[in-house]
Amino acid sequence: MDKANTEAEIEALDVQLTSVQEKIDATNAELQKTEEALEQTKKDLETAKEKEKKQYETLKIRIKVMYEKGDTGYLDILFAAKDIASFLNSTEYISKISDYDNNLLQSLQDTRKQIETLEKQLEEEVARIQTLKAELEAQQSELQGLLDEKAAYIQSLNQSIAHTEEYIKEIEQNIADEERALAEIEEQIRAAAEQAAREQAAREQAEREAAAAQQNSSSGSESDDTYDSGSSYVPSIPDSKPAYGSWVWPSDTYLLTDTFGYQEWRGGVHNGIDIGASYGDPIYAAASGTVWIAGWSDSAGNWVVINHGGGVLSVYMHASALYVSSGQYVSAGQTIAAVGNTGYSFGAHLHFGIMVGSSGGYDGYWVDPLGYVSP
């Protein structure tokens, strides 16, 4: 995951979080202000109602005084009114009151209007509070969603980092295993070459001794140096390198699953090519030569190494079965083994390699097999 994109994504989420939090703060402030206004409106309304009550009581006293003076018209109107509203709306009563009474009544009417205004204001403030609370709830939900999104994103980053670290460790382990396998294979090739050299020297020494004995014997018998294919003897390396045209593709399949050289995912060099094939498919000798190694390696599994002369070796790894033995001469295209998944392998395939050496192959180096064979 790209570092710049990751930082930009987190920054964008933080900007959204800040924006939503600012909205929440503003909504809370407005809600608090509205609730304070509501409380004041309630107090004002209570005061206005108390004032109305006192004014009404004063008006009743005034009517009582008028009654005691013999003016019963006011009292009749008062008793006829169903409530204070109908009382105040009585035009007949208003036409009879004095200036004092008119002022008293006007003050009562003004208080009633104030009460109506405060009640309406109270309703609006209650509705506004409900709206603000709904907005606040939505904003808090949005904030929580962004927090959850950021937490999930960071969690995915942590998982990705953990996966990447695990993958790096796996690659490093693969590289170490490949290096160990390469060292083991090269050591076995060297051992085979050294053994071949020792046996060749012993054979030559035996031939010299036999020749000397023949010269000293009047009836000496001819020395028999017939080669036993079951022995560990490896013939000497021919001086010439096989011609390109004498090489054949070592499999019936032509699927390359891995190539030679540096592999970025490996973090190292692959010392051959991998040919995808089914378990048990035949493996062919890529060129004529003598089998140096036909046995087991912890890394290569069942494997075969063929000496083609001129310091050129071909290597066949991970076989399920071997059909040749050390010291045996094989021809190009001869079946030498079967495809398998032995040793350091993760699926049936043939690992095919070519080693070229300056001193008989045992101190050589790996080259691209596609320089010798073509699918």
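The values are calculated or read from the model by the stated rules, or taken from the named source; none is laboratory data. Because the structure is a prediction, the values reported are computed rather than measured. Here the Cβ is made from the backbone with ideal geometry for all residues, glycine too, and neighbour counts use every protein chain on show. All accessible areas refer to the heavy atoms of the entire protein, side chains included, with ligands and DNA or RNA removed. Shrake-Rupley method; radii C 1.70, N 1.55, O 1.52, S 1.80 Å.
Of all the helices (runs of 4 or more DSSP H) wholly in the stretch 63-143, which have at least 2 residues that are at pLDDT below 65, small (G, A, S) and open to solvent by less than 90 Å² (accessible area, probe 1.4 Å)?
73-80
So Y372 passes all but one of these: (1) open to solvent by less than 10 Å² (accessible area, probe 1.4 Å); (2) at pLDDT 90 or above. Which condition number does it fail?
All conditions are met except number (1).
Could you check W292 against (1) surrounded by fewer than 24 Cβ atoms within 10 Å (Cβ to Cβ); (2) modelled with pLDDT under 90 and say which number it fails?
Against the list (1) surrounded by fewer than 24 Cβ atoms within 10 Å (Cβ to Cβ); (2) modelled with pLDDT under 90, W292 comes up short only on (1).
Looking only at residues that are part of a loop (DSSP other than H, G, I, E, B) and hydrophobic (A, V, I, L, M, F, W, C) in the stretch 312-336, which one is most open to solvent (accessible area, probe 1.4 Å)?
Ranking the candidates gives A332 first.
Can you work out which of the residues in the stretch 36-53 that are among the acidic types (D, E) and surrounded by 14 or more Cβ atoms within 10 Å (Cβ to Cβ) is farthest from I129 (Cα to Cα)?
Step by step, filter the stretch 36-53, then rank; the result is E52.
When residues of the stretch 15-25 are filtered for being without any contact (Cβ under 8 Å) to a residue 12 or more places away in the chain and open to solvent by less than 60 Å² (accessible area, probe 1.4 Å), how many remain?
The qualifying residues number 1.
Scan (1) under 43 Å from the mean Cα position of the chain (by Cα); (2) at pLDDT 90 or above; (3) open to solvent by 10 Å² or more (accessible area, probe 1.4 Å) for the single condition V339 breaks and write down its number.
(3)
Report whether or not K150 is surrounded by 11 or more Cβ atoms within 10 Å (Cβ to Cβ) and either closer than 30 Å to E7 by Cβ or touching a residue at least 24 places away in the same chain (Cβ under 8 Å) (or both). Explain how you work it out, then say what you get.
Working: surrounded by 11 or more Cβ atoms within 10 Å (Cβ to Cβ): yes; either closer than 30 Å to E7 by Cβ or touching a residue at least 24 places away in the same chain (Cβ under 8 Å) (or both): yes.
Criteria met by K150.
Based on this model, can you work out whether G360 counts as part of a loop (DSSP other than H, G, I, E, B) and modelled with pLDDT under 95? First the steps, then the outcome.
Values: part of a loop (DSSP other than H, G, I, E, B): yes; modelled with pLDDT under 95: yes.
In short, yes.
Kindly list the number of the only condition in (1) open to solvent by 30 Å² or more (accessible area, probe 1.4 Å); (2) in a loop (DSSP other than H, G, I, E, B) that fails for V269.
Against the list (1) open to solvent by 30 Å² or more (accessible area, probe 1.4 Å); (2) in a loop (DSSP other than H, G, I, E, B), V269 comes up short only on (2).
Listed here are the residues, each with its yes/no results for (1) under 21 Å from G347 (Cβ atoms); (2) at pLDDT 70 or above; (3) touching a Cys at 6+ places or on another chain (Cβ under 8 Å).
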| site | (1), (2), (3) |
| --- | --- |
| A176 | yes, no, no |
| L182 | yes, no, no |
| I189 | no, yes, no |
| A197 | no, no, no |
| R208 | no, yes, no |
| G220 | no, no, no |
| L256 | yes, yes, no |
| G267 | yes, no, no |
